[in-house]
Every structure is written in structure tokens, then in C-alpha cells.
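Some notes on the structure that comes next.
Since every read-out is calculated from the coordinates, none of them should be taken as a lab result. What you see is a predicted model, and the numbers here were worked out from it, not measured in a lab. Heads up, the Cβs are rebuilt from the backbone with ideal geometry, glycines too, and the neighbour counts pull from every protein chain shown.
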Amino acid sequence: MGELAEKPKPKAVKGEEAKRIKREALGIGDRRKHHSRKATPLKGHAKEPDAHHRLYRFRFYPTEEQAGQLAQTFGACRWVYNEGLALRSMAWEEHRVNVGFAETCRALTGWKRAEETVWLKEVSSTVLQQSLRHLEQAFGRFFKGVARYPRRKKKGRSRDSATYVRTGFTWVEDPERPGTGLITLAKQSQPLDVRWSRALPAGTVPVRLSVTRDRASRYFVSMLVEERIAPLPAAFVPGSRAPKAVGLDLGLASLVTLDDGTKIDHPRLLKRYAEKLVRLQRELHKKVRGSRNREKVKQKIARLYALISDVRRDMLDQFTTRLVRENQVLVVEDLSIVNLMRAARGKGKRRKARLNEAIIDASWGELLRQLRYKCEWYGRTLVIVDRFFPSTRRCSACQAKGPRMDVSVREWTCTGCGVVHDRDVNAAVNLRDEGMRLYWLVATGLPPEKKAPMVIKASELEKCLLAA
Ligand SMILES: [Zn+2]
């Protein structure tokens, strides 16, 4: 380890030399300057204060022709993503030059001209560029330290998806049923057969849409819409001007415990599915690799996974909406996704236990995701307390530090003040108090008319204070 730390960081090649390497060794063309074209100033897009991006997801049924065209598009997106990744990795490892989004786009132009990959031309170029954009975002997350180095997308392993920007599709609203309409994708002749389970806000045009096919071979179109969502009136503690706050402890015994003692269990339905999943997994292992029966079981598993995630989303939706309506400040622990994943990969654990954990992890992730965007929509504050805050061990009554506890301990007595604590409720109370401390730290520094930020993260508190 020591050796690794002492090794000097390799220096990047820059300037003319980098340009030459890119041109000659990597085949990335130079940037062409359009001197004759006057730059048009960007149109000021004034985002209204309560305009938010909202995602609407609908199922659709492609015709055979559309399914074929989409399969080709998904394949091309995956190919371009992998090729972009290989180019960026190679450029750094062999030549020490950095290749960014714009350069991968120029490389894409080259790939489309190359004889062996002319088929790329059959797919909308903006869709392929979006694939490179996703790669750029994956690198961004890696450089920020929140994700691993981007990996190749594999057919059948990664979810199939393609993103269409505004120029990549046409949208004609149905005058009879506002908020629904005809969507026609680039390179396709017919509109999609969308099942409108609800309407978009009337008169809006989707900003962007993405088409996905899950492992159960279901097709979905997700539309990003800019929508005005009015913030809710502030929630105060009855009879005072203090914002109403709630602490959420995420756990294995109960999915969520609130500081008032409310416990939300993992729905029985999900447990039943988990058991079914274990059974199917066992079946899968008995089948011969590459056999048709194995494929069938695989399909069943994929469908079950899809069902689980649908059930989970719907169930959490009601819960998070209620929480956000009733409270002004919501306090949770910082569970970075990477950490969640790691928890699921314990060695030597039985398959069933592993699966259960994976399902719980995904529930937490979904819960936090929903809280985050709903807080933003409705003008609430989400406080994310540091992962190392000792929420479980501290006595919420006298602040004394309690003993180290095994996960199985559900109740403990404080040696300082003698209060008997429910492990999770105590943790939730501690989280709420710590969250409010952070909230006031930020809120008191604000000018009187300014509202508290939507997210206060303990690990980025300094940034929060500076912004205020
Ligand atoms: Zn105590």
C-alpha cells in the first residue's frame, strides 16, 4: 500500500502534443471551427421558481418493426458507450491524454464513416451522442469518488436504454385528451402505442425521453417534463413557530422507524416475493447452461424482479408523500449507495439472507430518492446526517454514550439515566435532534426572507454555509 501512495501521480500530456496524439494515434479529428457562422447567443431560458423536472413513465407496445429498430438502437448505444470507454481508457493508459465528451463525439463521426461500422448511421446520431453523454456522467461520478470506474455494458446484463433529446422525437398532443398524444421516435415511421395510465400536464412538451426494455422484455418510455409544482405551506409544530421535524432510522428489523415510534415494516408481499425468488434462483442453478428451460426460468426471475420494484415504488410513494406533507424538516442517515451495495455482498451468507438484504437495500435507496425529489418539489428540507454519527449508541434522554450493541439487541437501558430505549426509536430521535442542530446552524445564517436549502448534507456543511 505504501508503495502505491508514494508513486508520483502520472502527468497528463497537454497542448499541441496531446492534439497530435489524438489525431494520429487515436483517430480523433480536430475541432472544426465555423468561422463563417456567427455564434447565436443562447436563448435565456428563465426557469420559473416552482418549475421542476418530473419524470412520467409509461408502458408501450412496439410493433415488430419498431422492436427491431429499437433492438438495433439499443445495440448501437451499447457499442458506442463501450467504444467511448475503451477510447478514453486507452488514451490515458497509453498516451496520458485526457479525452472528454466533445472528443468522443468527434470520434463518433469517424466511426460512422468507417466501413465496418456504417450501420451506426442507421441510428439517430443524437441518441448515440446521449450514450456518450451517459459515459461522461459515469466518469464524472467516478472522479467525484461516488462510483467505481465505468464498466462495459454487456448485452443481456445491462438494461437496454436509449435517450432521445428534443430533436430526436416528435410529439403531437391529442386535442381531445390533453396531456396524451402521439410520440414518434427518430428513424421510425409510426407513433408508439403508449398506454396512458395518466396524462402529462396539458400543453407541455417533453424535454427529453428515454426508451427502455427491462429484462422481462417490457418496454417503457420515460418522459421528462418541466412542470410547475406549488410548494406546500410550511409545517410548524402546533402552537409554535418551530418547523416540524421528523427523524428516520433505516433498519433491518423495520424498514423505517420514525422518532414518534411509528414503524414501517417491509411489506409482507415483498417477503413473499423474496421467498419465491430464492426458489427460482435455486431452480436456475439446477438447469443446464444455455438450455431453453434455463432461459425460461431466467425470464420468470426477471419478471419477478420487475414486479418487486413496481410494488416497492408504489408502496413507498404513499409513505413519502405523507411524510413530506406533514413535516418541514426530514432527517435521515447518509447511506451512500456504494455502501448499500457492499452490505449485500457479505461473504458466506446464505443466498436467502443475501437476497433479502438486497431487497431491503433497494428499498432504502428508493426511499431516499423519493424523499429527495419530493422535498425539492414541496419546499421541504432534507437533512442528511453523517454516516459516522453515533445515532444508535447515544442516549437520546441524557446524551450519554451507551454500550456497543449487536444488531440483535432491540432494547437497552441507559446506565446514565435509567431510561429504557427501543433501539430504533432512540436512533430516530437522535437523528432528528442532530438534524435540527444542523438545520439551525444553516438557517440562522440566512437573511430573513431566504428559505432554508432543500438538502443539507452534514459532509458538505461548509458548502451549505457558504452558499447561504
Ligand atoms: Zn440516558
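The table that follows gives values for the structure above.
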| quantity | calculated |
| --- | --- |
| Interchain or long-range residues, amide H under 5 Å from Lys244's placed H | Ala235, Phe236, Val237, Gln328, Val329 |
| Low-density loop cleavage sites - trypsin sites (Lys or Arg not before Pro) in the stretch 89-152, where at most 13 other Cβ are within 10 Å (DSSP) | Arg148, Arg151, Arg152 |
| Cα centroid of the stretch 111-154 to Cα centroid of the stretch 412-434, whole Å | 49 |
| For Val383, residues with placed amide H under 5 Å, excluding near neighbours | Leu330, Val331, Val332, Ile456 |
| ³J(HN,Hα) computed for each position of the stretch 394-407 - Karplus, 6.51 cos²θ - 1.76 cosθ + 1.60, integer Hz, glycine/proline x | 8, 7, 6, 8, 10, 6, 5, 7, x, x, 6, 10, 6, 4 |
| Net charge dipole size for the chain [Lys, Arg +1 and Asp, Glu -1 on Cβ; Debye, nearest 20] | 1780 |
| Equivalent-ellipsoid semi-axes of the chain, from the Cα gyration tensor, Å, largest first | 42, 29, 28 |
| Reachable aspartates and glutamates, given that their alpha-carbon falls under 16 Å from the alpha-carbon of Lys187 and they are not under 8 places away in the same chain | Glu64, Glu65, Glu122 |
| Trypsin sites (Lys or Arg not before Pro) within the stretch 191-252: DSSP coil, no more than 16 neighbouring Cβ in 10 Å | Arg195, Arg198, Arg218, Arg241, Lys244 |
| Antiparallel content of DSSP bridges confined to the chain, in %, to 5 | 80 |
| Within straight-line cross-link reach of Lys296, aspartates and glutamates at Cα separation under 18 Å, skipping those fewer than 8 residues along the same chain | Asp214, Glu283 |
| Excluding exposed DSSP-loop GluC sites (Glu not before Pro) (at most 11 other C-beta within 10 Å), longest clean stretch of the chain | 177-448 |
| Column: log10 I(q)/I(0), Debye, Cα scatterers of the stretch 164-227, q = 0.20 Å⁻¹ | -0.81 |
| Phi to ³J(HN,Hα) by Karplus 6.51 cos²θ - 1.76 cosθ + 1.60 over the stretch 380-391, Hz, x for Gly, Pro | 9, 10, 9, 9, 10, 7, 4, 4, 8, 5, x, 5 |
| Within straight-line cross-link reach of Lys14, aspartates and glutamates at Cα separation under 17 Å, skipping those fewer than 8 residues along the same chain | Glu24, Asp30, Glu93, Glu94, Glu103 |
| Sum of -39500 (n - 2.57) over DSSP H runs of 4+, divided by residues of the chain (222 nm, nearest 500) | -14500 deg cm²/dmol |
| Under 5 Å, built H, 5+ apart or other chain: amide partners of Ala400 | Cys395 |
| Karplus-derived 3J(HN,Hα), 6.51/-1.76/1.60, for each residue of the stretch 185-194, Hz, glycine and proline x | 7, 4, 6, 10, 9, 10, x, 6, 8, 8 |
| Long pairs among Lys244/Lys450; Lys263/Lys298; Lys276/Lys298, criterion Cα-Cα beyond 24 Å | Lys263/Lys298 |
